[in-house]
Amino acid sequence: MTEPDAPRPVSPEELGFERIVYEKAPPRATITLNRPEVLNAFDFRMLRELARACEDSSWDDEIKVVVITGTGRAFCVGADLKAWGADLLDNPREYWKWFGAFKDMHDRLREIGKPTVARVNGIAVGGGNELQMACDLAVMVDDAFIRHVGPEHGSVPAGGATQWLPIFVGDRRAREILLLCDEIPAKQAEEWGLVNRAVPAAELDAAVDYYVDRLAVKLPQTIRYTKQQLNWWRDISWHETVGHARDWLAMSMLGDEAKEAIRGFLAKGKD
């Protein structure tokens, strides 16, 4: 699609998305990660499409709330190592470009100017947890879990986790999540404040609908500025660290530790 002439929304069909499903049913827009065969892992195109959908939603005055969810049994498991892992080893310039798309997606989502609700329909791993944390509210199915595995796969979880987990759950719990790489069951995530609610799958849509209905009637300009103020801690931790993380992570693709970990993961997937 060519660049628009003005900040005007278009119908989702005009955007030609392939990795996500973007739907508008005012007052709600729904963005669904749609790569269930890889548990909705990010590839470059998905990141670009997510950013563009967030941009379109931000321009649409009929849209009051944006819901982010996934297709299938996972919400999102972060970066698709099988799609890009081998290509980016020994190639920090390409990794730096890839991470730029990840950063842009996060900025578009966090600065969308409207309330966002993560409908966490399944497991949220790595960048998937960072995605749900970037939303304002989150409802999660109670039989899923959250996990970070970066320290086991050669990647520092600095795409939101190191910045935001201490804000969400406190310093000690953040260290436990990131250093141990253990699964955090949905109910525990709710108790720790990592999600707002953990509910049975049959109640997931009703819980999301409750949030959407309550948010949609709020004054849009007032709620936009309320979000801006609430985002202060998230923004300062993000902007002070993410550029450095982008460069460091890119250079880490030259190191033996990252290369061995990613190659080990890719070899395991072939077994």
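The values are calculated or read from the model by the stated rules, or taken from the named source; none is laboratory data. Bear in mind the structure is a predicted one, so any value in this text is a computation, not a measurement. Cβ coordinates were reconstructed from backbone atoms using ideal geometry, including for glycine residues, and neighbour counts include every protein chain displayed. For the accessible areas, the whole protein counts, side chains as well, though only heavy atoms, and no ligand, DNA or RNA atoms are used. Shrake-Rupley method; radii C 1.70, N 1.55, O 1.52, S 1.80 Å.
Annotations for the structure displayed:
- Considering residues of the stretch 252-263 that are touching a residue at least 60 places away in the same chain (Cβ under 8 Å) and part of a helix (DSSP H, G or I) only, the residue surrounded by the most Cβ atoms within 10 Å (Cβ to Cβ): ALA258
- Considering the stretch 129-147, and only residues there that are outside any strand (DSSP E or B) and over 27 Å from ASP60 (Cβ atoms), the residue that is most open to solvent (accessible area, probe 1.4 Å) turns out to be ASP143.
- If you filter the stretch 208-251 down to residues that are of a type in the set (Gly, Ala, Ser) and surrounded by 15 or more Cβ atoms within 10 Å (Cβ to Cβ), you find that the one that is farthest from ALA29 (Cα to Cα) is ALA250.
- Hits in the stretch 148-207 (condition: of a type outside the set (A, V, I, L, M), part of a loop (DSSP other than H, G, I, E, B), under 22 Å from THR69 (Cα atoms) and open to solvent by less than 10 Å² (accessible area, probe 1.4 Å)): HIS148, GLY159, GLY160
- From the list PRO185, PRO151, the one residue that fits, being in contact with a Pro (Cβ under 8 Å, 6 or more places away or on another chain) and either at pLDDT below 95 or closer than 26 Å to LEU81 by Cβ (or both), is PRO151.
- Some residue of the stretch 3-17 being at negative phi, buried (at least 17 other Cβ atoms within 10 Å of the Cβ) and among the β-branched types (Val, Ile, Thr): no
- All of LEU266, LEU249 fail the test of being touching a Ser or Thr at 6+ places or on another chain (Cβ under 7 Å), aliphatic (A, V, I, L, M), part of a helix (DSSP H, G or I) and in contact (Cβ under 8 Å) with a residue 60 or more places away in the chain, apart from LEU249.
- Number of the exception - LEU88 against (1) more than 17 Å from the chain's Cα centre (by Cα); (2) on the phi > 0 side of the Ramachandran plot: (2)
- Meets criteria (touching an Asp or Glu at 6+ places or on another chain (Cβ under 7 Å) and closer than 21 Å to HIS244 by Cα) for ALA186: no
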